[in-house]
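None of the figures in this text is laboratory data; all of them are computed from the coordinates on show. Predicted model, so just to flag it, every value in this text is computed and none were measured. Note: ideal-geometry Cβ built from the backbone for every residue, glycine included; neighbour counts use all protein chains shown.
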């Protein structure tokens, strides 16, 4: 199983694909502050649940945000929990 995580700027979300199939997404919406993204929702599609893809998706998304020097607003409970456990990235 090969997975990749990429930012889809047109849809304002990070997407995780598994063997070329879209497996899930986490929205990352820009705000009026160019240094902040809002993460309102994360979804792993039913057929891909239970494989740890949510953590891989959010980890890769937050790594990308961190590399850009940005912060997040974690409205999504999954992202909020992930940030709470690992710390950082909140304004």
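Most simply put, the chain has about 80% antiparallel DSSP beta bridges, counting only bridges with both residues inside it. In this simple spin-label model, placing a label point 7 Å from the Cα along the Cα-to-Cβ direction at both residue 81 and residue 51 gives a separation of 2.0 nm. Taking each DSSP H run with n ≥ 4 as -39500 (n - 2.57) and averaging over every residue of the chain yields -8500 deg cm²/dmol at 222 nm. Model label sites at residue 4 and residue 17, defined 7 Å from Cα along the beta-carbon direction, differ in position by 0.5 nm.
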